[in-house]
Amino acid sequence: MTETAVEIKNLSKKYPGALALDEISVSFPKGKITGLVGPNGSGKSTLLKIITGLVVEDSGKVKISDLEEKRLMDHIAFLPEINHLYDWMTIKEAINFFENQYKDFSTKKAEELLDFMNLSLEQKIKALSKGMVARFKLVLVLARNAPLLILDEPLSGIDPNSRARILESLISEYESDFQSIVISTHEVVEAERFFDHVVFLEEGKVLLEGNTDDLRAERNKSVQELVREVFK
């Protein structure tokens, strides 16, 4: 039986005038990379924020495997879609801030990743382009040794020519015997080859989920083709 990194049961969340999640039940396997795909407004970001404790559900439960820490963020490295960085900081100051904030953060690893991402310690965050901010946000997440990585649109703002190279870096830093990853993304073409498991979410409901290779074999379609089929 496959172990689960995150188990979600009957989870619901309603905002004024909108039902973001409608009693969904789904599991993300442990030690695997799960792709969470769906159109804008499907509930992906709300689901990820509930898992990380940033949003409180109306009903249902989320269970995170092996959670022993009192703070969820001591267990989860979360990359939000929005820019959550202080723009008055330099990259070096932001790295120092994260080192003080998270005991599993490696400054050495962050500085190695900076070189790969074509960034430098002296740069001011407010002077970075959208793509550079996206790359630096990934640096901060990948420099942590957290058992659960949750990435909300990690490729947003990154130019198409760099996406594959950055995904390769992300996967090369991932330790499957210890870590699980959930990636919410619109960039399915570049990302699908890395997905072990995929969940299709629309209007707060899970329309399809399963092992990626099994779904491809059963439907004789790529994940991108399944996206077009499922979200007609």
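Values quoted throughout were computed directly from the atomic coordinates according to the rules given, and no laboratory measurement underlies them. Not measured: the values here are computed from a predicted model. Don't worry about glycine lacking a Cβ; one is built from the backbone with ideal geometry, like all the others, and counts go over all protein chains shown.
For the reader, a short list of remarks on this structure follows.
- Where Asn96 falls short, out of the listed (1) under 21 Å from the mean Cα position of the chain (by Cα); (2) closer than 25 Å to Gln179 by Cβ: (1)
- Leu54 satisfies every condition listed in (1) closer than 21 Å to Glu175 by Cβ; (2) without any contact (Cβ under 8 Å) to a residue 40 or more places away in the chain except (1).
- Verdict on Leu21 being touching a residue at least 12 places away in the same chain (Cβ under 8 Å) and either among the polar types (S, T, N, Q) or farther than 25 Å from Ile171 by Cα (or both): yes
- Helices (runs of 4 or more DSSP H) within the stretch 138-227 that include 3 or more residues out of contact with any Lys or Arg (no Cβ under 6 Å at 6 or more places or on another chain) and loosely packed, with under 15 Cβ neighbours inside 10 Å: 160-173, 212-219
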